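Asks: I'd like to ask you about the structure that follows.
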Amino acid sequence: MDKIEIVGGQKLQGSIRISGAKNAALPLMACALLTAEPVVLQDVPELADIRTMQKVLEHFGMKITRNGTTMTLQADNITQFEAPYELVSTMRASFWVLGPLVGRFGQARVSMPGGCAIGVRAVDRHLYVVHQLGANIDMVGGYVECQAKDGLKGAHLSFGPGTLVTPFYDTSTFKPSVGATMNALMASVLAKGRTAIDYAAIEPEVTDLANCLVSMGAKISGIGTPHLVIEGVERLHGTTYAVISDRVEAATYAIAAAITQGQLTLTNIKAELLQNVLDVLTSAGVNIQTAQDSITVSNNIWPLKPVRVTTKEYPGFPTDDQAQLMALMTLAAGESSVTETIYENRFMHVPELARMGAHIQLKDKNTAVVKGVDHLIGAPVMASDLRASAALILAGLAAQGTTTVHRVYHLDRGYDNLVGKLQACGANIKRLPENN
């Protein structure tokens with residue numbers, strides 16, 4: 001196990017290329033199950049979650065090779081249909097194999113998932129998808145078992161509040177779900193007939209998956225909107241497809257430039273992917289300049305202005321950027337507030353920021369009030385999840401003295417070479433063995 005040590009006070013200067021998005025690459029890897037032909041994915045990030053998904057897919061019999069950021073996947077000899085607990089329990093995204101397995105092969109046995117400890121993220125909407133499309137579902141020993149011997153059939157799906165109640169789901173509390181929308185797309189592209197999805201999630205990663213499926217021969221209309229229509233086809237073919245850039249990584253480095261009063265140019269990223277974050281930074285006083293495939297972030301105003309944000313589904317402010325923004329607001333002039341509406345238990349970074357001198361009060365279960373301070377002081381801190389790890393590193397970049405972030409294995413799940421990218425821009429940061 002490693003730790004990250006940061007000596008704060010260095011203004012970041014330079015350029016950072018944004019990697020392919022983890023949250024897009026993982027479902028794109030899963031959708032390779034839908035064809036026997038090779039699927040070539042470009043700009044796949046080097047992350048622990050990517051390696052976990054590769055193990056899951058190889059367990060089924062998929063052949064996967066990697067050359068740099070290019071990954072080739074071929075599912076022409078799938079021999080297993082069970083995603084075992086020891087793999088799925090480490091990463092919730094493994095559950096995305098459910099849709100393509102049932103969609104193409106008519107069967108799947110998938111362990112109930114695990115992942116970050118940031119609250120309950122139920123799989124009821126995923127089960128709703130395959131059940132509505134005609135699969136039989138059983139829960140046996142912690143596994144979801146699905147069978148559709150005659151194949152799936154098109155149906156009407158809705159992720160808005162409904163009235164259906166079964167042993168596996170209750171639609172009365174439904175709301176748009178990125179993961180369930182992705183599973184619905186992958187399950188329905190080979191189903192017989194038409195599938196309509198209402199209240200679909202419209203995150204860029206969902207659009208990216210839909211566009212990849214179209215490049216494989218799927219018939220999907222309404223891409224990028226909350227209403228999708230899929231006309232099932234008999235088969236899909238292979239494709240070569242570039243993974244969309246990681247908007248969360250880009251937002252993290254944009255905040256890194258702001259919190260260090262530096263200037264960074266982020267390349268391989270379109271501003272519209274994170275416009276909601278850029279708007280908040282602009283309102284705080286950060287200077288943002290955009291080009292076709294780059295964003296330049298600079299901060300010559302200090303202290304920054306406070307902001308109030310509430311996390312929402314896209315195009316609202318992303319929950320995955322909440323912790324990083326909070327780190328920035330610890331140094332703003334005045335009182336900011338951050339309200340989390342997507343996940344519970346996603347304020348576990350608050351006591352760790354407080355160890356560094358931040359003044360943050362939890363007003364209720366989902367709102368944090370942040371009163372800006374003159375400076376943060378380096379301290380040993382403990383990362384609780386992926387985005388909390390990034391927030392603590394950002395705070396360490398701006399703090400006086402040395403910050404040591406422990407349990408940084410969380411970071412490896414979602415940031416490709418973060419330490420190296422920050423070092424190249426002048427950060428005094430290094431990764432060390434925990435016992436060093």
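Asks: For S389, are the conditions met, namely being farther than 17 Å from I429 by Cβ and touching a residue at least 12 places away in the same chain (Cβ under 8 Å)?
Replies: no
Asks: Only residues that are modelled with pLDDT of 95 or more and under 21 Å from V97 (Cβ atoms): list them for region 155-177, please.
Replies: A155, L157, F159
Asks: Could you tell me whether V419 is under 18 Å from L12 (Cβ atoms), within 23 Å of the chain's Cα centre (by Cα), in contact (Cβ under 8 Å) with a residue 40 or more places away in the chain and in a strand (DSSP E or B)?
Replies: no
Asks: Could you check region 128-208 for strands (runs of 3 or more DSSP E) lying wholly inside it with 1 or more residues that are touching a residue at least 40 places away in the same chain (Cβ under 8 Å) and within 27 Å of the chain's Cα centre (by Cα)?
Replies: 143-147, 156-158, 194-198
Asks: Does A191 satisfy the condition of being crowded, with 17+ Cβ neighbours inside 10 Å, out of contact with any Pro (no Cβ under 9 Å at 6 or more places or on another chain) and of a type in the set (A, V, I, L, M)?
Replies: So A191 fits the description; yes.
Asks: Oh, and also: Could you pull out every one of the strands (runs of 3 or more DSSP E) wholly within region 1-70 that has 2 or more residues that are among the charged types (D, E, K, R), surrounded by fewer than 24 Cβ atoms within 10 Å (Cβ to Cβ) and in contact (Cβ under 8 Å) with a residue 24 or more places away in the chain?
Replies: Of the strands (runs of 3 or more DSSP E) lying wholly inside region 1-70, those with at least 2 residues that are among the charged types (D, E, K, R), surrounded by fewer than 24 Cβ atoms within 10 Å (Cβ to Cβ) and in contact (Cβ under 8 Å) with a residue 24 or more places away in the chain span 2-7.
Asks: Which of the numbered conditions does R235 fail, given that it passes all the others? Conditions: (1) among the charged types (D, E, K, R); (2) assigned to a loop (DSSP other than H, G, I, E, B); (3) over 23 Å from V39 (Cα atoms).
Replies: Looking at each condition in turn, R235 falls short on (3).
Asks: Tally up the residues in region 74-115 that are aliphatic (A, V, I, L, M) and modelled with pLDDT under 90, please.
Replies: 5
Asks: While we're on this one: Filtering region 60-87 down to residues that are charged (D, E, K, R) and over 18 Å from G20 (Cα atoms), which residue is nearest to the chain's Cα centre (by Cα)?
Replies: Residue satisfying both the conditions and the ranking: E86.
Asks: For residues that are of a type in the set (D, E, K, R) and not in a loop (DSSP other than H, G, I, E, B), scanning just region 238-264, find the one that is nearest to A424 (Cα to Cα).
Replies: Here the residue is E249.
Asks: Within region 312-354, which residues are surrounded by fewer than 18 Cβ atoms within 10 Å (Cβ to Cβ) and free of Cβ contacts under 8 Å to residues at least 40 places away in the same chain?
Replies: Of everything in region 312-354, those that are surrounded by fewer than 18 Cβ atoms within 10 Å (Cβ to Cβ) and free of Cβ contacts under 8 Å to residues at least 40 places away in the same chain turn out to be K312, A333, G334, E335, S337, T339, T341, P351, A354.
Asks: Under 26 Å from Q423 (Cβ atoms) and either of a type in the set (G, A, S) or assigned by TED's automatic domain parsing to the domain that holds I377 (or both): does that describe V286?
Replies: yes
Asks: Please work out which one of (1) assigned by TED's automatic domain parsing to the domain that holds Q400; (2) farther than 22 Å from K371 by Cα; (3) of a type outside the set (F, W, Y) is the condition I230 fails and give its number.
Replies: (1)
Asks: As an exercise: evaluate G217 against (1) in a loop (DSSP other than H, G, I, E, B); (2) within 18 Å of the chain's Cα centre (by Cα) and give the number of the one condition it does not meet.
Replies: (2)
Asks: Can I ask one more? Under 7 Å between Cβ atoms, which residue pairs at least 6 apart in sequence (or on different chains) link something in region 223-237 that is within 27 Å of Y314 (Cβ to Cβ) and in contact (Cβ under 8 Å) with a residue 12 or more places away in the chain with a partner that is of a type in the set (F, W, Y) and in a loop (DSSP other than H, G, I, E, B)?
Replies: Qualifying pairs under 7 Å: P226/Y199.
Asks: For region 276-321, name all the residues that are more than 22 Å from G262 (Cβ to Cβ) and of a type outside the set (V, I, T).
Replies: The answer is N276, Q292, R308, K312, E313, Y314, P315, G316, F317, P318, D320.
Asks: Going through V280, V243, V286, V248 one at a time, which residue ends up being at pLDDT 95 or above, closer than 24 Å to A332 by Cα and touching an Asp or Glu at 6+ places or on another chain (Cβ under 7 Å)?
Replies: V248
The values are calculated or read from the model by the stated rules, or taken from the named source; none is laboratory data. Everything numeric here is computed off the predicted structure, so don't read it as measured data. Note: ideal-geometry Cβ built from the backbone for every residue, glycine included; neighbour counts use all protein chains shown.
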